[in-house]
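Colleague: What follows is a structure written as structure tokens; I'll ask about it next.
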Amino acid sequence: MTDGLKVTVLGAASCTPEPGKETASFCINGSLLVDTGWCAALQLIKYGIEPMDIEAVLMTHCHHDHYMGLVSLLFYQGLHAGRTDDEKRLAVYGPVGEIGRVVTDVWRLLQTDRYPHLEIPVDVHEVAGGDAFDVCGLSVRACRALHNVPSLHYRLETPSGASVTFSGDTPYNPALVEFARDTDLLIHEASHGPQSTREAEEPAHSGAPDAAQVASLAGAKRLGLVHIGLGSVDDALSAAREQFGNTFVPTEGDVLEL
């Protein structure tokens with residue numbers, strides 16, 4: 001078990017990141033991924049983390065920019081492992097009815113029928129809002145997010161009570177306020193930059209004011225805004241700080257210790 005949380009920011013950019021950047025994805029304590037971005041394996045190596053050390057993946061939802069990097073992770077681990085069914089297995093968690101198809105399609109893309117040595121042991125776990133489980137020495141809880149595909153918020157907590165909460169993609173969600181209550185760090189998407197989406201007809205994403213309102217009402221200690229285009233970062237940060245002063249925009253490669 002672990003007493004601390006070390007969040008390595010593998011990416012914080014929008015769904016189509018600028019050259020040299022990566023979309024929102026994170027590594028926890030060197031062994032757990034939250035979403036995989038476009039190219040998880042190379043991002044891990046870039047920031048000094050061995051991809052073979054990844055034991056589990058939490059997928060907030062199964063839109064392409066959040067799961068494409070799973071291909072690179074499984075390819076890397078398949079090339080370097082030589083695992084057997086009796087050895088360490090990779091656990092992949094994600095929304096009910098969605099994550100199994102994604103893993104199956106990754107194997108199809110990697111042509112494991114032709115290259116069976118690539119097919120490492122993977123345990124797929126379907127997760128619904130309200131579920132709780134332990135992984136990589138952490139307690140994990142899930143809450144249903146409000147996106148246009150089945151989506152989850154995740155809260156990760158150590159035995160000593162340090163916590164980080166990930167919004168995934170979502171508009172303002174009152175349920176997230178209670179779910180993130182008193183969290184040490186709320187990492188919340190702000191795809192719409194400084195603009196709130198509260199009045200949109202069918203919002204699927206948040207702006208910085210929406211994230212700041214969640215953080216404020218939840219009593220979070222810090223708010224990290226992610227999933228933002230580079231051109232909107234400064235305005236988004238200013239808009240969020242009007243409601244929640246302890247807001248920042250993490251930089252790719254940052255290590256956030258809780």
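Colleague: Test of understanding: ordering 189, 22 by Cβ neighbours within 10 Å, fewest first, what list do you get?
Modeller: 22, 189
Colleague: Once every DSSP H run of n ≥ 4 in the chain is given -39500 (n - 2.57) and the sum is divided by its residues, what mean residue ellipticity at 222 nm do you get, rounded to the nearest 500 deg cm²/dmol?
Modeller: -6500 deg cm²/dmol, from helical runs alone.
Colleague: Going by how many other Cβ atoms sit within 10 Å of their own, how do 187, 45 line up, fewest first?
Modeller: Fewest-to-most Cβ neighbours within 10 Å comes out as 45, 187.
Colleague: What is the order of 160, 139, 191, fewest Cβ neighbours within 10 Å to most?
Modeller: With the fewest neighbours first, 160, 139, 191 line up as 160, 139, 191.
Colleague: Right, another one. Label-point separation (nm) for residue 101 and residue 230, each offset 7 Å from Cα along Cα-to-Cβ?
Modeller: Each label point lies 7 Å from its Cα, and together they span 3.4 nm.
Colleague: Can you tell me which lysines have their Cα less than 20 Å from the Cα of residue 6? Leave out same-chain residues fewer than eight positions away.
Modeller: Hits, sequence-local ones excluded: 46, 221.
Colleague: Tally Lys/Arg at +1 and Asp/Glu at -1 over every other residue whose Cβ is under 10 Å from the Cβ of residue 35; what's the total?
Modeller: That works out to -2.
Values quoted throughout were computed directly from the atomic coordinates according to the rules given, and no laboratory measurement underlies them. From a predicted model like this one, the values you see are computed outputs, not experimental measurements. Here Cβ is always computed from backbone atoms with ideal geometry, including for glycine, and neighbour counts include all displayed protein chains.
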